[in-house]
Amino acid sequence: MKNIRIINGPHLNLLGKREPLLYGSESFERHFQVLQSNFSEACSLSYQQFQDEGSMVDAINAIMGKDEGACEGLVLNPAAYSHSSLVTADAVGMLASGGIPTVEVHISNVFAREAYRQHSFVSARAAAVIAGAGLHGYSLAIEHLLYLLEGSSGRA
C-alpha cells in the first residue's frame, strides 16, 4: 500500500469559514475523512497543516529523512507560499530528486485571480499542478500520484 502525505499551507485550516464562495463550505478535516474513505484500499493518507513557512518546509524535508517507503508521494497546497517561497520550491525539488513526486494543488483557479497568484515557484518542481477543481483537486492529485507510483514514466 502506498503512503501519501497531504500538506496544506497557511489559512487552509479555515476552509469552510474563509471566503466560502471562493473556497467552499466544507472544512478540510471533514474532506480529509472523505479522502481516507475513498482511497482506503489504494493508499494510506496522512495530513498536516502549517501556518508558517519554516514548519511547512521542515515537514517537507522530513519526508526525505523517513525510512524507505514511509511516504512515497506528496500532495501540497502551499497556499500563498507558492507565489513567494523559493524555500518551498527548493524543498519540493529535493523530494523530486529523491524520487518522491509532488502534486501541487490550489482549490481556486489561480489563473483567474490576481496576476501575482498566477505564478508559482513550486510548479516547476512539481510532477503536476491541479488548480480550480475545488476540494476535488485533492482526489485528482492522489489519483495522479498513484498513477505515477504504479510505474508511469516521466511527468504527465
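The values are calculated or read from the model by the stated rules, or taken from the named source; none is laboratory data. All of these numbers come straight from a predicted model, not from anything done at the bench. Cβ: placed from backbone, ideal geometry, glycine included. Neighbour counts: every protein chain shown.
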What do you reckon, is residue 98 free of Cβ contacts under 8 Å to residues at least 40 places away in the same chain and out of contact with any Cys (no Cβ under 8 Å at 6 or more places or on another chain)?
yes
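Conditions (1) surrounded by fewer than 16 Cβ atoms within 10 Å (Cβ to Cβ); (2) not polar (S, T, N, Q), marked per residue:
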{"site": "65", "(1), (2)": "yes, yes"}
{"site": "97", "(1), (2)": "yes, no"}
{"site": "104", "(1), (2)": "no, yes"}
{"site": "122", "(1), (2)": "no, yes"}
{"site": "138", "(1), (2)": "no, yes"}
Is there any pair with a first residue in region 24-46 that is among the polar types (S, T, N, Q) and a second that is loosely packed, with under 14 Cβ neighbours inside 10 Å whose Cβ atoms are under 6 Å apart and which are 6 or more apart or on different chains, and what are they?
44/1
Surrounded by fewer than 19 Cβ atoms within 10 Å (Cβ to Cβ) and either under 26 Å from residue 71 (Cα atoms) or touching a Pro at 6+ places or on another chain (Cβ under 6 Å) (or both): does that describe residue 131?
no
Consider residue 63 carefully, then state whether it is touching a Cys at 6+ places or on another chain (Cβ under 6 Å), touching a residue at least 40 places away in the same chain (Cβ under 8 Å) and of a type outside the set (Ser, Thr, Tyr).
yes
Out of all the residues in region 34-50, which are surrounded by 13 or more Cβ atoms within 10 Å (Cβ to Cβ) and not hydroxyl-bearing (Ser, Thr, Tyr)?
34, 35, 36, 38, 39, 42, 43, 45, 48, 49, 50
Looking for something touching a Phe, Trp or Tyr at 6+ places or on another chain (Cβ under 9 Å), over 19 Å from residue 133 (Cβ atoms) and of a type in the set (D, E, K, R) - is there at least one such residue anywhere in region 38-59?
yes
Scan of region 113-156 for residues that are out of contact with any Ser or Thr (no Cβ under 9 Å at 6 or more places or on another chain), assigned to a helix (DSSP H, G or I) and at pLDDT below 90, ordered by number
115, 118
